[in-house]
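The values are calculated or read from the model by the stated rules, or taken from the named source; none is laboratory data. Just so it is clear, the structure is predicted and the values come from calculations on it, not from any experiment. Heads up, the Cβs are rebuilt from the backbone with ideal geometry, glycines too, and the neighbour counts pull from every protein chain shown.
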């Protein structure tokens, strides 16, 4: 249907990457890394060059999120999927309750359900529907997802939990541009390859005194926890501005550059406002076209980080995506594979410009309306 479509030169985005994971890494970040020459890559993570980089990144995140002084910014190797298990092993006493609404929040639940000495409860919403996290009697751990990457559903209302319950938020694809008051949660974790424009294989976990105490409590028991998943080691190394084992320095460098950039542009408030501007444009566009519609029906649940847009079945989205990728004009707007929907999933991450998103909408309109 779209085999004869050609993207007009004037509509080509300045950057073709619109993928929801991993995010685009700005070319200028790569140039800056190359300019460090022999002074950074290939250096031990125990040496000042790397530790100073880590410290700058941690302090930048503390400023960006307005992290309370008694919280720790804990870092380590392994992404959010790694943390699902690490959290279950080292931060849940007896029971975790999971509010799920898509593939990744469900994946977190399943990782805890596989641990034989804790109980995991799944409080599920239909895919595309929002969640209403709440304190659950009998649970000592509440798990919620800030932004469900697979469906484009965000959850921004935080529940009030009791003094002996941990509230943990998987913020991977929403951290940095979806509103969240860090002081009202105990574990706020993310992989930096989304809004923060770094590479994968790394985690940031912002932890409250309550969470730090829980980690210490469980570490003191005879529970089996693999050394690589030790919260005790992750925390003690993080306060020294280092990781337990060797990290990817490039990942930390890119993360630090993005944090510096976002702080210089006005911080968290500006990032949220810019994300809302892009989201309003995308969803209004989808509502205005009779061949498009937002996948998430409730406006309040629609993500300002990842937009999922349904396409009339007369126009196979996958076919258009192949044409756009072959012309190197647009990359990464595929629907999440397990949903099996005829739709586009479009990143609204911070480095995806408003202007490029406007061009993307015009490309899609032109292709469909000429078909």
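Here are a few things to note about the model shown:
- Filter result for the condition that a residue is modelled with pLDDT of 95 or more, in contact with a helix residue (DSSP H, G or I) (Cβ under 7 Å, 6 or more places away or on another chain) and not assigned by TED's automatic domain parsing to the domain that holds residue 301, over 146, 158: 158
- The residues of the stretch 119-172 that are at positive phi and surrounded by 18 or more Cβ atoms within 10 Å (Cβ to Cβ), listed by number, are 128, 152.
- Matching residues in the stretch 37-49 - criterion: being in contact (Cβ under 8 Å) with a residue 60 or more places away in the chain and closer than 23 Å to residue 263 by Cβ: 40
- Counted residues, the stretch 324-361 - those being exposed (fewer than 15 other Cβ atoms within 10 Å of the Cβ) and either in the same structural domain as residue 195 (by TED's automatic domain parsing) or farther than 26 Å from residue 127 by Cβ (or both): 6
- For the stretch 50-102, a tally of residues being assigned to a helix (DSSP H, G or I) and either in contact (Cβ under 8 Å) with a residue 60 or more places away in the chain or within 18 Å of the chain's Cα centre (by Cα) (or both) returns 26.
- Restricting attention to the stretch 97-108, the residues being surrounded by fewer than 23 Cβ atoms within 10 Å (Cβ to Cβ) and either closer than 18 Å to residue 135 by Cβ or not assigned by TED's automatic domain parsing to the domain that holds residue 87 (or both) number 1.
- Yes/no for residue 54 being touching a strand residue (DSSP E or B) at 6+ places or on another chain (Cβ under 9 Å), modelled with pLDDT of 95 or more and more than 22 Å from residue 353 (Cα to Cα): yes
- In the stretch 151-248, counting only strands (runs of 3 or more DSSP E) that sit wholly within it, the ones holding 1 or more residues that are within 27 Å of residue 40 (Cα to Cα) span 187-190, 202-207.
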